[in-house]
Amino acid sequence: MMRRIFKIIEERFFYGLMLASTAFLVALLLFIVLIILYKGLPSLSWEMVSQTPKGGYYFGREGGLLNAIIGSLYLATGAVVIGLFISLPLSLAMNVYFRNNKKLVNAIRFVLDLLWGIPSIVYGAFGFTIMIYLGIKTSLLAGIITVSIFILPIMVRAMDEIMKQVPLTLLESAFSLGSTNTEVAFKVVARQCFPGIVTGVLLAFGRGIGDVAAVLFTTGYTDNIPTSLMDQTATLPLAVFFQLGSPIPEVQSRAYAAALILTVIILLISVVTRFLSRRYYKTSIK
Amino acid sequence: MYLKARKIKDRISGGWVQLVLVFVFVLPLGILASLLYKSWLIMQTTGIGDLLFSSVWRPLAGEFGFFPFIISSIWVTILGLLITAPICLFTAIYLTYYGSNRLSVFMRPVIDILAGIPSVIYGVWGVLIIIPFTGRFLAPLFGYESTGFSIMAGGLVLAIMLIPFILNILIEIFRTVPVEQYEASLSLGATQWESIKHVVVRRSFPGIVSAFALGLSRAFGETIAVLMVVGNVVGVPENLFQPGYPLPALIANNYGEMLSIPMFDSALMFAALILLVVVVFFNLLSRFVIIYLEKRQ
């Protein structure tokens with residue numbers, strides 16, 4: 001009898017714990033977003049998103065965050081474009097060109113997993129040594145290169161996941177019609193997986209735009225909008241990080257505004273990704 | 001003629017694919033080699049043993065003891081994992097074995113967005129919420145005084161950042177447990193929780209361990225969010241409510257100064273090398289466990 005009661009109590013207790021931790025997760029997300037909104041909204045104004053910092057900005061005078069917003073967009077876009085030139089062929093290599101060489105494909109996946117686990121600060125340090133070695137100064141270009149290496153495994157993984165699901169029969173019918181590897185890769189697989197590729201790109205874009213550690217060494221920081229690849233650039237996460245460290249309340253509140261803008265960008269990306277992947281499942285050939 | 005153009009196209013893109021392949025295999029070696037090359041200077045002058053276990057940190061005098069940083073990193077990481085482990089485990093079990101389909105559809109974006117939030121945002125949130133919480137509530141509760149900027153705050157923020165990461169892996173792992181086994185246990189009269197405890201958790205135990213090993217390596221390298229709340233004071237912390245100074249924070253905080261002193265530069269690259277080695281080690285470990293698991297099935 002006692003054992004039975006104990007069993008029921010244990011059952012209930014752990015059920016309660018599981019329910020609580022799941023609810024905690026939802027509450028946590030709401031809590032984080034609400035706090036960022038609550039702190040960011042009051043200091044967010046048109047001036048914030050439309051102007052670059054003016055004189056005395058860092059003492060609480062006029063100006064906005066346009067330099068950081070544009071800088072971040074440039075950086076993430078550049079990195080994603082370079083990343084695409086490497087990640088798309090790589091994921092196609094695993095699923096079309098070398099699909100019969102299981103050992104090689106597994107080796108690539110293994111190396112990618114390894115790269116995926118390396119923290120962004122190590123990529124930052126690596127990018128910095130490369131930069132010194134090549135003799136370029138801290139610049140948009142150096143940042144783009146570092147971030148593109150850092151997001152490479154993320155992109156390939158997302159694309160590979162989708163390309164794995166392309167039915168083998170589809171590949172084989174294309175080959176049986178006399179297509180070359182390249183034609184199958186780009187005209188069949190890449191087209192079939194297009195929404196998936198876009199998802200991977202957006203995911204990587206989100207990662208690239210939000211990361212600090214990789215760009216801390218390589219982009220520098222400036223109040224101007226970069227006009228060439230060799231210019232230094234500000235980024236949103238760096239703006240959050242630097243301004244939060246300021247003792248002046250006005251400047252701190254701008255860090256919250258920057259954090260809010262960054263969060264909104266990330267949320268937007270997440271919504272678009274979700275929408276695309278839903279459409280993908282409707283249109284793809286099963 | 002048309003045929004020839006097709007073949008040429010195939011050659012060119014095939015060549016590019018091969019180039020990319022080579023690049024991906026060279027990249028990790030390149031990272032390792034460049035960090036080794038850069039930290040060679042300090043490893044030769046000080047010796048690895050001294051670097052790892054001395055706690056004297058005076059860069060200007062040329063004394064580099066990484067012990068305070070390593071111990072801070074270990075504390076923050078372990079604390080973060082300990083706090084996050086039960087939450088991830090319970091949520092993953094709930095979502096795979098109790099929750100309805102609608103709940104999983106609802107939770108997927110929640111987890112994805114949590115995973116997508118940049119670490120600097122977690123840092124801001126940590127400064128606003130976790131710091132006062134640790135300083136005014138947690139520390140007095142345990143009988144310490146603290147400003148809030150502490151190992152504890154770092155561990156808490158890290159725990160929250162790790163949740164989506166570990167949770168995703170755990171859900172994947174629980175999905176590989178055959179449903180038949182779970183149902184066989186239920187049909188023998190075991191309750192749901194008993195079946196989970198004795199069948200699901202036991203069966204996927206190596207997987208759970210490897211999920212936490214992956215989380216550990218992620219935690220060890222996390223930089224900005226931890227840096228913003230951990231206090232960044234050099235010294236071996238005596239309790240969890242004292243400030244710490246983990247390795248990634250050390251690298252991030254000193255990037256400006258390192259150029260002027262070659263030895264300092266080399267020291268920071270050595271810190272990056274430690275990070276790389278630790279992270280890769282735990283990654284490899286968990287991969288091998290997962291590969292072993294897949295083979296067994």
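The values are calculated or read from the model by the stated rules, or taken from the named source; none is laboratory data. From a predicted model like this one, the values you see are computed outputs, not experimental measurements. Here the Cβ is made from the backbone with ideal geometry for all residues, glycine too, and neighbour counts use every protein chain on show.
What to note about this one:
- For the criterion of being part of a helix (DSSP H, G or I), touching an Asp or Glu at 6+ places or on another chain (Cβ under 8 Å) and among the hydrophobic types (A, V, I, L, M, F, W, C), B:L158 passes.
- Residue within the stretch A:83-93 that is under 26 Å from the mean Cα position of the chain (by Cα), over 19 Å from A:P237 (Cα atoms) and not assigned by TED's automatic domain parsing to the domain that holds A:V184 present: no
- Boolean, A:V271 is within 11 Å of another protein chain (Cβ to nearest Cβ), farther than 17 Å from A:T77 by Cα and within 17 Å of the chain's Cα centre (by Cα): yes
- Count of the stretch B:184-211 residues which are closer than 30 Å to A:W116 by Cβ and either away from every other protein chain (no Cβ under 14 Å) or touching a Gly at 6+ places or on another chain (Cβ under 6 Å) (or both): 8
- Tally, over the stretch B:146-183, of residues that are without any contact (Cβ under 8 Å) to a residue 12 or more places away in the chain and either among the aliphatic types (A, V, I, L, M) or under 20 Å from B:L216 (Cβ atoms) (or both): 2
- Test for A:A239: is it of a type in the set (A, V, I, L, M), crowded, with 23+ Cβ neighbours inside 10 Å and over 30 Å from A:F128 (Cα atoms): no
- Of the helices (runs of 4 or more DSSP H) lying entirely inside the stretch B:1-113, those carrying at least 2 residues that are more than 30 Å from B:F212 (Cβ to Cβ) are B:2-46.
- Matching option when the condition is within 27 Å of B:L141 (Cβ to Cβ), at pLDDT below 85 and in the same structural domain as B:L170 (by TED's automatic domain parsing), among B:N254, B:N239: B:N239
- Some residue of the stretch B:251-266 being among the acidic types (D, E), more than 18 Å from the chain's Cα centre (by Cα) and under 30 Å from A:Q252 (Cα atoms): yes
- Residue within the stretch B:167-187 that is of a type in the set (D, E, K, R), over 23 Å from A:F24 (Cβ atoms) and either in contact with a Lys or Arg (Cβ under 7 Å, 6 or more places away or on another chain) or surrounded by fewer than 24 Cβ atoms within 10 Å (Cβ to Cβ) (or both) present: yes
- Residue within the stretch A:130-142 that is crowded, with 23+ Cβ neighbours inside 10 Å, more than 8 Å from every other protein chain (Cβ to nearest Cβ) and not acidic (D, E) present: yes
- Among the residues listed as A:V271, A:V198, A:V188, the single one being surrounded by fewer than 24 Cβ atoms within 10 Å (Cβ to Cβ), touching a Leu at 6+ places or on another chain (Cβ under 9 Å) and without any contact (Cβ under 8 Å) to a residue 60 or more places away in the chain: A:V188
- Condition met for B:R102 (closer than 25 Å to B:L247 by Cβ, basic (K, R) and modelled with pLDDT under 90): no
- When each of A:L75, A:L34, A:L28, A:L65 is tested for being of a type in the set (A, V, I, L, M) and facing chain B (nearest Cβ under 9 Å), the lone residue that passes is A:L28.
- Only listed residue being over 20 Å from B:W16 (Cα atoms) and in contact with a helix residue (DSSP H, G or I) (Cβ under 7 Å, 6 or more places away or on another chain), chosen from A:I136, A:I86, A:I149, A:I132: A:I136
- Positions within the stretch B:116-148 being at pLDDT below 90 and hydrophobic (A, V, I, L, M, F, W, C), in sequence order: B:F137, B:L138, B:A139, B:L141, B:F142
- Taking the criterion of being in contact (Cβ under 8 Å) with a residue 40 or more places away in the chain and either of a type outside the set (V, I, T) or surrounded by fewer than 20 Cβ atoms within 10 Å (Cβ to Cβ) (or both), the residues of the stretch B:61-77 that qualify are B:G62, B:F64, B:F66, B:F67, B:P68, B:F69, B:I71, B:S72, B:S73, B:W75.
- Within the stretch B:1-36, tally of residues that are among the hydroxyl-bearing types (S, T, Y) and more than 8 Å from every other protein chain (Cβ to nearest Cβ): 1
- All conditions but one from (1) more than 29 Å from B:F165 (Cα to Cα); (2) crowded, with 16+ Cβ neighbours inside 10 Å; (3) touching a residue at least 12 places away in the same chain (Cβ under 8 Å) apply to A:E47; the one that does not is (2).
- Once the stretch B:184-203 is narrowed to residues that are not aliphatic (A, V, I, L, M) and not in a helix (DSSP H, G or I), the residue that is nearest to A:M18 (Cα to Cα) is B:T191.
- Any hit, the stretch A:107-127, residues being more than 8 Å from every other protein chain (Cβ to nearest Cβ) and charged (D, E, K, R): yes
- Qualifying position, being of a type in the set (S, T, Y) and within 14 Å of another protein chain (Cβ to nearest Cβ), among B:T96, B:T176: B:T96
- Checklist (1) more than 26 Å from A:W116 (Cβ to Cβ); (2) within 11 Å of another protein chain (Cβ to nearest Cβ) applied to A:T222, failing item: (2)
- Of the residues making up the stretch A:172-185, those that are of a type in the set (G, A, S) and touching a residue at least 12 places away in the same chain (Cβ under 8 Å) are A:A174, A:A185.
- Candidates B:T147, B:T134, filtered to the one that is in contact with a strand residue (DSSP E or B) (Cβ under 9 Å, 6 or more places away or on another chain), within 26 Å of B:T223 (Cβ to Cβ) and not aromatic (F, W, Y): B:T147
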